[in-house]
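Note sheet for the following structure.
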Amino acid sequence: MTRQFPTGTVSGEPPALNAAGEPMVLVDDPEPLIRRITLNRPEKRNALCHPLRRALLDALVEADQDPDVRVVIIRGAGHSFSAGYDLGGGNEGYDMPFYTPDGEGQWPRHVTESWMSIWDLATPVIAQVHGYCLAGGSELATGCDLVYMAEDAKMGYPATRFGVPDMHFHPWLVGMRKAMEMMLTGDSISGAEAADRGWATDCWPAEELEERVMEKARRIAGIHPQLLQLNKRIVHRQMEHMGLRTGIRAGIELCALGMHTDAMAAFVDAIKEKGVAEALKERDKPFGDYRLVESQAQEG
């Protein structure tokens, strides 16, 4: 049975509903011991607005406290896992999901803490990635313990064409040279390449993705939860000792600096003048990808 999560909202905030009037996050238990969380904002490619992120984080904490849950799957409704953070006004009327001290770099500190908090959960979390997994969507997936992708899915950070990423995981998980190329171009890599380079755990044809992920979840669910918790932390502790978490936090100041560039100012002006969709289309026009490809497909 699919549940709507959460049904309540912070006092004074409007209900967290998508364009169809449905909750932005759905939760179900497809099999015993397996919890599944679906980002349910398909009309916005599951753009990560404040209410959606709050519902997701709350659902993860609820699952972590449930003794009948041994593994969690996060997936996206519609054509994409998530195309990134909401740039089109979806945050209006909502506070950020949790308090982050104000000041320069507040936003990258906030979202980095959000996604790295998944590491601190006792329960293993799987990202089931199809379609676009961009910018903030790629940060969310990076925070998960396992990432399984459709072969034709796209992981990238096109926001480097007007700004600086919030989480700088790329050198750690795709290698220095490819990370440099992605940062300097905003280009994406496929699910197949992401798995080959180590950002994704594995990849399969899109039509096989859901069942393959369920197979992996079943295998995890067969392990005692105390062992899952300890063995999950073994891997994360080693990465932290090598400096991954510290390195990501150290990059926050560069993201904050990027907010004051001429390029960011021009992009913000373009949004105000032409709207988000047109500004993103113009951003991607010289590169022939992302929004431009979608626009041409719709026109065709």
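The values are calculated or read from the model by the stated rules, or taken from the named source; none is laboratory data. Just so it is clear, the model here is predicted, and its values are computed rather than measured. Cβ: placed from backbone, ideal geometry, glycine included. Neighbour counts: every protein chain shown.
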Quick one: in segment 145-156, which of the residues that are crowded, with 22+ Cβ neighbours inside 10 Å and within 21 Å of I220 (Cβ to Cβ) is nearest to the chain's Cα centre (by Cα)?
-> V147
Flag if L56 is under 20 Å from Y132 (Cβ atoms), at pLDDT 95 or above and outside any loop (DSSP other than H, G, I, E, B) | yes
Among the residues of segment 30-53 satisfying the criterion of being assigned to a strand (DSSP E or B) and of a type in the set (K, R), which is farthest from L17 (Cα to Cα)?
-> R35
Selection status of R54, in contact with a Pro (Cβ under 9 Å, 6 or more places away or on another chain), closer than 29 Å to G222 by Cα, crowded, with 20+ Cβ neighbours inside 10 Å and among the basic types (K, R) = no
Just for segment 113-142: of the residues that are crowded, with 24+ Cβ neighbours inside 10 Å and either small (G, A, S) or at pLDDT below 95 (or both), which one is nearest to the chain's Cα centre (by Cα)?
-> G137
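Which residue out of D145, D202, D196, D152 is of a type in the set (D, E, K, R), over 20 Å from G243 (Cβ atoms), touching a Pro at 6+ places or on another chain (Cβ under 9 Å) and at pLDDT 95 or above?
Details: D145 fails: over 20 Å from G243 (Cβ atoms); D202 fails: touching a Pro at 6+ places or on another chain (Cβ under 9 Å); D196 fails: touching a Pro at 6+ places or on another chain (Cβ under 9 Å).
Step by step, each of D145, D202, D196, D152 is checked, and only D152 is of a type in the set (D, E, K, R), over 20 Å from G243 (Cβ atoms), touching a Pro at 6+ places or on another chain (Cβ under 9 Å) and at pLDDT 95 or above.
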For segment 4-26, how many residues meet the condition of being farther than 12 Å from C49 by Cβ, outside any loop (DSSP other than H, G, I, E, B) and modelled with pLDDT of 55 or more?
-> 2
Only residues that are hydrophobic (A, V, I, L, M, F, W, C) and outside any helix (DSSP H, G or I): list them for segment 216-270, please.
-> I223, M259
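Just give me the residues in segment 162-183 being acidic (D, E) and more than 22 Å from V276 (Cβ to Cβ), in sequence order.
So the first thing to find is which residues in segment 162-183 are acidic (D, E), and the list is 166, 181.
Matches in segment 162-183: E181 only.
Within segment 208-226, is even one residue at pLDDT 95 or above, under 19 Å from the mean Cα position of the chain (by Cα) and farther than 16 Å from C144 by Cα?
Within segment 208-226, one or more residues are at pLDDT 95 or above, under 19 Å from the mean Cα position of the chain (by Cα) and farther than 16 Å from C144 by Cα.
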Pick out the one residue from I220, I248 that is touching a strand residue (DSSP E or B) at 6+ places or on another chain (Cβ under 9 Å) and buried (at least 16 other Cβ atoms within 10 Å of the Cβ).
-> I220
Of the residues G76, G90, which single one is surrounded by 22 or more Cβ atoms within 10 Å (Cβ to Cβ) and either touching a His at 6+ places or on another chain (Cβ under 8 Å) or at pLDDT 95 or above (or both)?
-> G76
Unmet requirement for E240, which otherwise passes all of (1) within 30 Å of V268 (Cβ to Cβ); (2) in contact with a helix residue (DSSP H, G or I) (Cβ under 9 Å, 6 or more places away or on another chain); (3) surrounded by fewer than 20 Cβ atoms within 10 Å (Cβ to Cβ) | (1)
Residue pairs qualifying under the 6 Å Cβ cut-off, at least six apart or on distinct chains, with the first in segment 226-253 being touching a residue at least 12 places away in the same chain (Cβ under 8 Å) and the second being part of a helix (DSSP H, G or I) and of a type in the set (F, W, Y), are H236/W119; L244/W172
Residue selected from segment 157-186 under the condition without any contact (Cβ under 8 Å) to a residue 60 or more places away in the chain and small (G, A, S), by the criterion surrounded by the most Cβ atoms within 10 Å (Cβ to Cβ) | A179
Where residues in segment 188-200 are touching a residue at least 40 places away in the same chain (Cβ under 8 Å) and touching a helix residue (DSSP H, G or I) at 6+ places or on another chain (Cβ under 7 Å), which of them is surrounded by the fewest Cβ atoms within 10 Å (Cβ to Cβ)?
-> W199
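Specify the residue that is nearest to P108 (Cα to Cα); the eligible residues are those in segment 177-209 that are touching a His at 6+ places or on another chain (Cβ under 9 Å) and not in a loop (DSSP other than H, G, I, E, B).
The initial filter retains those residues of segment 177-209 that are touching a His at 6+ places or on another chain (Cβ under 9 Å), namely 178-180, 182-183, 191, 199, 206, 209.
With the extra rule that they be not in a loop (DSSP other than H, G, I, E, B), the set shrinks to 178-180, 182-183, 191, 206, 209.
On the way: K178: 23, A179: 19, M180: 20, M182: 19, M183: 17, G191: 26, A206: 32, L209: 31 Å.
Result: M183.
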